[in-house]
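Right, one structure below, let's go through it.
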Amino acid sequence: MDKERSSLITIGGKEYHLILTTKATKEIAKRYGGLENLGEKLMKAENFEMALEEIVWLIALLANQSILINNRLNGEKEELLTEDDVELLTSPHELATYKDAIMEAMFKGTKRHIESEDESSKNEQVE
């Protein structure tokens, strides 16, 4: 999996790559109104149970992107990770540690590669 686009977590002894794809971004937009609203929603969750539900949903969504990509590119039929799987195979402490991986995947998914011109060539005088 493309490490420049993903972060790695382990659930139930199996590694999953969290990836923010365009497909995942659309799902987040449907649920929260956009990526910019995601952090606010997670921080303002009315109660602990609701916050856990949102984190579990997000982990399943981002982890399933790598499964879907792998299935598409390699013709495999690996089962998708369900929210129930995430809830059963993790502890609340693990979910808290996955927040960093979620943020890393989001950052990598929205990162822009900006190249600047070499200043010396731009400022050279042509004779």
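Amide H to amide H, which residues 5 or more places from I11 or on other chains are under 5 Å from it, using H placed in the peptide plane?
It is Y16, by chain and number.
Among 53-62, 90-99, 11-20, 75-84, what's the highest-first ranking by average C-beta atoms within 10 angstrom per residue?
The densest-packed peptide leads the list: 53-62, 11-20, 90-99, 75-84.
Taking a point 7 angstrom from the Cα of L68 along the C-beta vector, which residues in region 83-104 have backbone N less than 16 Å away?
Once the point is set 7 Å along Cα→Cβ of L68, 83 turn out to lie under 16 Å by backbone N, inside region 83-104.
Every number here is computed from the coordinates shown, using simple stated rules; none is lab data. Here the structure is a predicted model, which is why all the values come from computation and not from measurement. Neighbour counts run over all protein chains shown; Cβ positions are idealised from the backbone, glycine included.
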